[in-house]
Every structure is written in structure tokens, then in C-alpha cells.
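Have a look at the structure below before the remarks.
The values are calculated or read from the model by the stated rules, or taken from the named source; none is laboratory data. Keep in mind the model is a prediction, meaning the values are calculated, not measured. Heads up, the Cβs are rebuilt from the backbone with ideal geometry, glycines too, and the neighbour counts pull from every protein chain shown. In case anyone asks, the SASA skips ligands and DNA or RNA and just uses the protein heavy atoms, side chains included. Shrake-Rupley method; radii C 1.70, N 1.55, O 1.52, S 1.80 Å.
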Amino acid sequence: MSFWVNHSLLKKLCISGGICILIYLGLILSLRVGQTRLMFFPSEVLRNRPSAVGLHYEDVWIQVQQEKINAWWIPSTHPNSPVILYLHGNGSNLGDLPEKILLLHQLGLSVLAIDYRGYGLSQGAFPSEQSVYQDAIAAWNYLTVERGIPPQKIILFGHSLGGAIAIELAYQHRDVAGVIVEGTYTSMRKMADYTFPYLWLPIDLILTQQFNSIEKVRVLNIPFLFIHGTDDRVVPYQMSQELYAATSSPKTLLLIPNAGHDNLAATGGQKYLKAISDFIESVNLETTR
């Protein structure tokens, strides 16, 4: 009788263990297949347009393979001014950018801001690391080929995930004038460690969307400006410090006290604007020598 009870218990434990293993394997598979849903949060609704802040703009459609992405072109009033290619974060779209574009325009810059496929009015399926890289390259080609803007006049500006996209674009086109990134991370692998520090999973097996910026900046000899808020609860500011340390000169790091992930300009005020203005002036002087 005792043997039967133990055997029954063992059978139940084996069944329970098997179920747990299946659940665990299912979780791993679902995270590997569906991880883009945890990284990209596209919205089709545009909250605002540049005209709402008094800016004249051109609605632009840029071909990417069989689809088109939507972009805004806001030319500077100053001839031959540097051009900003602005790349937003994973939870934004063009409708969140008019105030940011206005700040850059007031610095005398032309701006091209894009929505990745799946965001805003841009066509296409749900985004991925590969697709957003393709979208950025298409925007680069639009500026350099269709508008005939020299690469040495283009400055990439990326926020959060957009910073990782800007770094990849600079990695592909090393003749860019400079790169500004704010609130961005070293790699998605490190972000997984930061976001889920106690989740025991084979992250290296699961992760297909790498965004490995730290390895790319090590080989770039391009002017960089890193901006980060010390109160950022989404991406720790230490990641910008690590990117800065890994980057060759010329480079600048601006840490804004008490700033979070999305309020760097408002919290930093003139200090924020001066850092960008000084960086652009230094890059512009270097490229015109």
C-alpha cells in the first residue's frame, strides 16, 4: 500500500513537472516569436502637426521596398544650414514631435522627421529591428539623393530606441556629420537585464532584436553628443555614460539633473539647447574646413 501511494505521488509530480516544463518552453517560444510586441508600441493617431506650432512643412512620402513611410520636411530659413534627420522612440510618432522640431528649427536647422513603418500614417506591417533600420536608410537616401544634401551636412538625432537606429545608420554611413542621441541604451540585451533582473530565462537564446549600439560606437570616429536625464526610469543614465566611454573623440556627454525619459528639453532648458547648438556649431565648423 505504501509503495502504491509513493508511486502515485511520483506520477503526479512527474505530470506536474512536465506541465511546468511545457509552460516554461512555451514562454520562451512566445517571447522569442513575439518580442517585438514588447519593444515597439506604434500608434496610427497623429496628435499634432507642425502647423500647430507655426511651422511650414512638407508632407513627404518615402519609398521603402513595396511600401511608403510618412515624413515631414521642415526647411530652415537659413541657406545651406545643417539638416537634422530625427528618429523618434518606440512609443512615439510624428504627432508627438512638433514642439521638438520647433526647438531645432529655432536653432537654424532644417529637419526631416520620419515615422517608421507601422507608425502614424506610414504603411507596412508591425515593425522590427530590421525594418526600422531600412526605414532610416530610406530617409538617408531621400536626403542625400533626392534632395542632394551632402552627408557632411546631415546630423542624426535619435531619442531612446531612435538613438539605437541613429547609431546603426551612422555605422552604415560613416560620412555623416555627427550624431545626437538622448535617453538611449547600450544594447537590448542589457535592457533586458535592467528591466527583468530576476527573471530566469535564457535571454541570449530568446533575443533576436539586438540593437547592439555599444559595439558599433567602438569603431566609429564620428562626433557624438550623448544626452540623458539622471532621473530616467526607462533607460538608466549609466548607459549613456557607457556609450560615451566606448566612443572615440570628439564626444560630449550631457547629464541633466532631475530629468526623466521624455522631458529632457523642458527640464534642461537653456543648458539643453546650448549643448545642441554648441555641438552643431562645432560639427559645422569641422565639415567646412
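Side notes on the structure shown:
- Residue list for the range 138-158, filter: more than 13 Å from ILE84 (Cα to Cα) and not in a helix (DSSP H, G or I): ARG147, GLY148
- Any hit, the range 96-117, residues being buried (at least 21 other Cβ atoms within 10 Å of the Cβ), in contact (Cβ under 8 Å) with a residue 24 or more places away in the chain, of a type in the set (Gly, Ala, Ser) and out of contact with any strand residue (DSSP E or B) (no Cβ under 6 Å at 6 or more places or on another chain): no
- If the condition is being out of contact with any Phe, Trp or Tyr (no Cβ under 9 Å at 6 or more places or on another chain) and of a type in the set (S, T, N, Q), then the range 64-89 contributes GLN65, GLN66, SER76, THR77, ASN80, SER81.
- Checked across the range 71-87, the condition of being of a type outside the set (Phe, Trp, Tyr) and over 19 Å from LEU104 (Cα atoms) holds for no residue.
- Residue match in the range 131-148 (condition: free of Cβ contacts under 8 Å to residues at least 12 places away in the same chain, surrounded by fewer than 21 Cβ atoms within 10 Å (Cβ to Cβ), among the aliphatic types (A, V, I, L, M) and out of contact with any helix residue (DSSP H, G or I) (no Cβ under 6 Å at 6 or more places or on another chain)): yes
- The numbered conditions (1) on the phi > 0 side of the Ramachandran plot; (2) open to solvent by less than 50 Å² (accessible area, probe 1.4 Å); (3) modelled with pLDDT under 95 are all true for SER81 except (1).
- Those residues of the range 40-70 which are open to solvent by 80 Å² or more (accessible area, probe 1.4 Å), in a loop (DSSP other than H, G, I, E, B) and in contact (Cβ under 8 Å) with a residue 24 or more places away in the chain, in sequence order: PHE41, GLU44, VAL45, ARG47, GLN65
- Test: residue in the range 273-286 that is at pLDDT below 95 and among the polar types (S, T, N, Q): yes
- Among the numbered conditions (1) touching a residue at least 60 places away in the same chain (Cβ under 8 Å); (2) within 20 Å of PHE279 (Cα to Cα), the only one that PRO151 does not meet is (1).
- Residue match in the range 241-263 (condition: under 17 Å from GLU129 (Cβ atoms) and surrounded by 15 or more Cβ atoms within 10 Å (Cβ to Cβ)): no
- The one condition in (1) part of a loop (DSSP other than H, G, I, E, B); (2) within 16 Å of the chain's Cα centre (by Cα) that LEU112 fails to fulfil: (1)
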